[in-house]
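A.B. asks: Shown below is the structure under consideration.
No lab work stands behind these numbers, since they all come straight from the coordinates. Fair warning: this is a prediction, and the values are worked out from it, not measured in the lab. Here the Cβ positions follow ideal geometry from the backbone for every residue, glycine too, while neighbour counts run over all protein chains shown.
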Amino acid sequence: MRCVLIVDDEPMIRKGLSIMIQQCSEHPYNIKLAQNGEEAIQLIMEEQPDFLFTDIRMPKVDGLELCRRLSEMETDIQTVV
């Protein structure tokens, strides 16, 4: 099963994106949620998601810094900012 990681500091945005992905997809996804870039990095190392949806403005590690760190990790994660 493919894995999607949604990173946003607003709980309603995380929940809304999760519901949209589940309802609009023909295939099931394992959806993981993170409230900031720090949590996302931990989940990326544990889960190795296929897709990443991230907000830009977040506390601790923002979306742009998260993308920079992902490029250093040399992952194949498809990312939407």
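A.B. asks: Using a ≥ b ≥ c from the Cα gyration tensor of region 2-80 (square roots of the eigenvalues), is it rounded, prolate or oblate, where a/c under 1.5 gives rounded and otherwise the larger of a/b and b/c decides, a/b for prolate?
C.D. replies: Values: a/c = 2.05, a/b = 1.27, b/c = 1.62.
Since a/c reaches 1.5 but b/c is at least a/b, the shape of region 2-80 is classed as oblate.
A.B. asks: Using a 10 Å cut-off around each Cβ, can you sort T75, T54 from fewest to most neighbouring Cβ atoms?
C.D. replies: Values: T75 16, T54 22.
Fewest-to-most ranking of T75, T54: T75, T54.
A.B. asks: Run the numbers on the chain and let me know its relative contact order in percent, using alpha-carbon pairs under 8 Å that are six or more apart. Before the final figure, lay out each step's value.
C.D. replies: Details: 126 pairs, mean separation 28.3, N = 81.
Across the chain, relative contact order equals 35 percent.
A.B. asks: At a 10 Å Cβ-Cβ cut-off, how would you order S25, S18, fewest neighbours first?
C.D. replies: Details: S25 11, S18 17.
Going from least to most buried by this count: S25, S18.
A.B. asks: For region 29-74, compute Rh as the Kirkwood radius over C-alpha pairs and then the Stokes-Einstein diffusion coefficient at 25 °C and 0.890 mPa s; write the answer in µm²/s, rounded to an integer. The partial results should precede the final answer.
C.D. replies: Details: Rh = 10.7 Å.
Approximately 230 µm²/s, per Stokes-Einstein.
A.B. asks: Moving on to the next point. I'd like the GluC sites (Glu not before Pro) in the chain restricted to DSSP loop residues with at most 15 other Cβ atoms within 10 Å, sorted by number. Each step should come with its number before you reach the end.
C.D. replies: Working: sites: E26, E38, E39, E46, E47, E65, E72, E74; in loops: E26, E74.
In loop regions of the chain (DSSP not H, G, I, E or B), the sparsely surrounded GluC sites (Glu not before Pro) are E26, E74.
A.B. asks: Something else: Listing V80, V61, V4 from the residue with the fewest other Cβ atoms within 10 Å to the one with the most, what is the order? Please list the in-between numbers first.
C.D. replies: On the way: V80 10, V61 18, V4 23.
Least crowded to most crowded, the residues run V80, V61, V4.
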